[in-house]
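The structure appears right after this line, and notes come after that.
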Protein chains: 2
Amino acid sequence: MTQLSTVGILSPGDMGHSVGDVLVTNGLRVITCLQGRSQRTRELAAEARIEDVPSYDALVAEADLILSILVPAQAPNAARRVAQAISDTGAGVAYADCNAIAPQTVREIGALIVEAGGTFIDASIIGGPPRGDSHPRFYVSGPDTQAFEALQQHGLQVEVLGQEVGLASAIKMCYAAWTKGSTALCTELLIAAKALGVFDALEQEFQSSQSMMIWRMQRLPAMPIKSRRFVGEMVEISKTFGDVGLTPKILAGAADLYRFVGETHLADRTPEDTSPLPSIEEMLSILVDHLPDRPA
Amino acid sequence: MTQLSTVGILSPGDMGHSVGDVLVTNGLRVITCLQGRSQRTRELAAEARIEDVPSYDALVAEADLILSILVPAQAPNAARRVAQAISDTGAGVAYADCNAIAPQTVREIGALIVEAGGTFIDASIIGGPPRGDSHPRFYVSGPDTQAFEALQQHGLQVEVLGQEVGLASAIKMCYAAWTKGSTALCTELLIAAKALGVFDALEQEFQSSQSMMIWRMQRLPAMPIKSRRFVGEMVEISKTFGDVGLTPKILAGAADLYRFVGETHLADRTPEDTSPLPSIEEMLSILVDHLPDRPA
């Protein structure tokens, strides 16, 4: 069985630093390369006891396995930099792309890593960052997933889906289509109801015939903070569905909706802000005010 | 208070004949005009004790109130024929459009009726056809909704939303965006999961972290029968959201999805067919087989 001693993480953001923290707590050395990263990421890395190494060359030379945990749009670029470093150093590292990206995108990334001489693992994360009671599942697929499976000995829950690169990304795309796609739909119809003057009546109707919607509405004010990073994920799911031959529009529309929410100051709040969230009514008023002017 | 004796229904389909049945049971004469209607509609009308009158002129002359209960695409044409009959006969009938159409569409229909000399009521129906334990709510709005409110004395549940034509349609659009939009999303991601080879793993993940999806999956095989008539409704909701300044794509995609499902023989089944529905796996296999061929 593969034994790991050092794992690299790109990048220690909200999810990445929590994963790193679990691995450090469970006996691994965790490293990253903070070149060009924000002050917030530096603080999160320090908090999780993740070591900064000076270059990507050092990262690939010292790590047995690198986890790419980023917003979708950054995934190809991170892979290119790692592939270059593998080429330059001849390091035989394994690289797992854990991002919410389309199977087609992950296959392109995988080809870069394999051509450079690395081992590629398709991976995805379902659930929130691991801390407290939250234990996300890490799905993996690819011809050789052993390095990732070894993380089970270091506090992560890993499920192997098969030998084909793309499976781990596919399950994430389909799962997030539901969780984040349904939230986009819910947000859109509530904005419309508010704009059209039927919000109170609709809320009452939901109360009597769709009580799950009341539960959804209560949780909705926590969404705008994440709206900007959901955009790229919705675009990847739209691509995934389009590649299969299904309509790309539902998820392209979800991307539009999150883009719209992300344009408001509701999205400026940081995850560290502990002041009370707006009420659903306040949130919807701000979003309705952001609608383009309509002809009377 | 307005007293009704005769109500016209266009047309006694699945919803219309059930509404007619309730009204007949509760003391009203219910009439329709079956010109150009299917044999199935004729049978449903007879079953509900709805009388056929020979012309639209007779319909507007004899009815105190006409309810338009159709698929969305037929709503404007039915209104035009009734407006013509009102013009021709000078009948002072009230006309309620109960269809799932955009506020903008209902305002156009309302203008036709009012110009012809009728009273127009915007209405919408939330819930399934009234029978057994099913008691849908009828939302109404407009400057004079008294004729419709009188139906409360004849077995229907009526909620008045206000004086503006468009409110009753708006609540229906927002509500159906959730019920039918979420079903479209759910169907799409399951087809994708099946096509991409991750259906079993996804089902297991839903079982452990999104158990409502399992409940949704169990009900899904009953959807294709209704898929063809959902298309027009999704188009109307897409229009409603676009008119407000929101993205029309989520619901335009839902229309695409129902159109796709409606192209398969799954949609040929009639509501009267009592043979067992396909399993979710069988249904998804048929839908995956209907996907366009992809380059290998």
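The values are calculated or read from the model by the stated rules, or taken from the named source; none is laboratory data. Computed from a predicted structure; not experimentally measured. With ideal geometry, Cβ positions are generated from the backbone for all residues, glycine too; neighbour counts draw on all protein chains shown. The protein model used for the area step is the full one, side chains on, heavy atoms only, and it has no ligands, DNA or RNA in it. Shrake-Rupley method; radii C 1.70, N 1.55, O 1.52, S 1.80 Å.
Count, for each residue of B:152-159, the Cβ atoms from other chains sitting within 10 Å of its Cβ, then give me the mean as a whole number.
Mean number of neighbouring Cβ atoms from other chains: 0.
Summing +1 for each Lys or Arg and -1 for each Asp or Glu, what net charge is found among the other residues whose Cβ lies under 11 Å from the Cβ of A:Ile237?
Result for the local shell: -1.
Kindly report the accessible area of the stretch A:51-140 per residue (heavy atoms of protein chains, probe 1.4 Å, no ligands, DNA or RNA), in Å².
Result: 37 Å² per residue.
On a 0 to 90° scale, report how tilted helix B:103-116 is relative to the longest principal axis of chain B, with both axes built from alpha carbons and the result rounded to the nearest 10.
Helix B:103-116 sits at roughly 20 degrees to that axis.
What does the charge count near B:Thr183 come to, summing +1 for each Lys or Arg and -1 for each Asp or Glu among other residues with Cβ under 15 Å from its Cβ?
Net charge in that neighbourhood comes out at +4.
Local charge sum around A:Cys33 (other residues, Cβ-Cβ under 15 Å, Lys/Arg +1, Asp/Glu -1)?
Residues close to A:Cys33 contribute a combined charge of 0.
Under 10 Å, Cα contacts only: if you run a Gaussian network model on chain B, which one of B:Ser238, B:Ser141, B:Ser211 comes out with the highest mean-square fluctuation?
In this elastic network of chain B, the residue with the biggest mean-square fluctuation among B:Ser238, B:Ser141, B:Ser211 is B:Ser211.
May I ask which residue of A:Val19, A:Ala58, A:Ala75 lies farthest towards the positive end of the charge dipole of the stretch A:5-106, with charges of +1 (Lys, Arg) and -1 (Asp, Glu) on Cβ and the Cα centre as origin?
Farthest towards the positive pole: A:Ala75.
Counting protein heavy atoms only and a 1.4 angstrom probe, how many square angstrom of accessible surface do chains B and A bury in total, to the nearest 100?
Buried area (both sides, nearest 100 Å²): 4700 Å².
Normalise the Debye intensity by I(0) for the stretch B:39-171, one equal point scatterer per Cα, no solvent, then take log10 at q = 0.11, 0.12, 0.16, 0.21 Å⁻¹ and round to two decimals.
-0.37, -0.44, -0.81, -1.37
Going down the list A:Lys180/B:Lys226; A:Lys180/B:Lys249; A:Lys239/B:Lys249; A:Lys226/B:Lys172; A:Lys172/B:Lys239; A:Lys249/B:Lys226, which pairs span over 23 Å between their C-alpha atoms?
A:Lys180/B:Lys226; A:Lys226/B:Lys172; A:Lys172/B:Lys239
Suppose R0 equals 51 Å; then what is the FRET efficiency for B:Gln35 and A:Gln74 from their Cβ-Cβ distance, rounded to the nearest 0.05?
FRET efficiency, B:Gln35 to A:Gln74: 0.20.
At 222 nm, what helix-only mean residue ellipticity would chain B give, in deg cm²/dmol to the nearest 500, using -39500 (n - 2.57) for each DSSP H run of four or more?
Mean residue ellipticity at 222 nm (helix-derived): -16500 deg cm²/dmol.
List the residues of the stretch B:244-281 whose accessible area drops by at least 20 Å² when all protein chains are present, compared with their chain alone, using a 1.4 Å probe and counting only protein heavy atoms.
Residues of the stretch B:244-281 that lose at least 20 Å² of accessible area once the other chains are added: B:Val244, B:Gly245, B:Leu246, B:Thr247, B:Lys249, B:Ile250, B:Gly253, B:Asp256.
Relative contact order for chain A: what percent, with Cα pairs under 8 Å and sequence separation of 6 or more?
It rounds to 14 percent for chain A.
I'd like the residues of the stretch A:180-208 whose 1.4 Å-probe accessible area shrinks by no less than 50 Å² going from the isolated chain to the full set of protein chains.
When all protein chains are present, A:Leu185, A:Glu188, A:Leu189, A:Leu196, A:Val198, A:Glu205 each give up 50 Å² or more of accessible surface.
State the percentage of accessible surface on chain B attributable to carbon and sulfur atoms; use a 1.4 Å probe and exclude ligands, DNA and RNA.
48 percent
How high is the relative contact order of the stretch A:130-209, in percent, with contacts defined as C-alpha pairs under 8 Å that are six or more residues apart?
Normalised by residue count, the contact order of the stretch A:130-209 is 23 percent.
Return the Cα extents of the protein assembly as shown along principal axes one, two and three, sorted largest first, each rounded to a whole Å.
Taking the Cα atoms of the protein assembly as shown, the three principal extents are 90, 51, 36 Å.
For the stretch A:87-227, what relative contact order do you get, as a whole percent, if you take Cα pairs closer than 8 Å and at least 6 residues apart?
Once normalised by length, the contact order is 19 percent.
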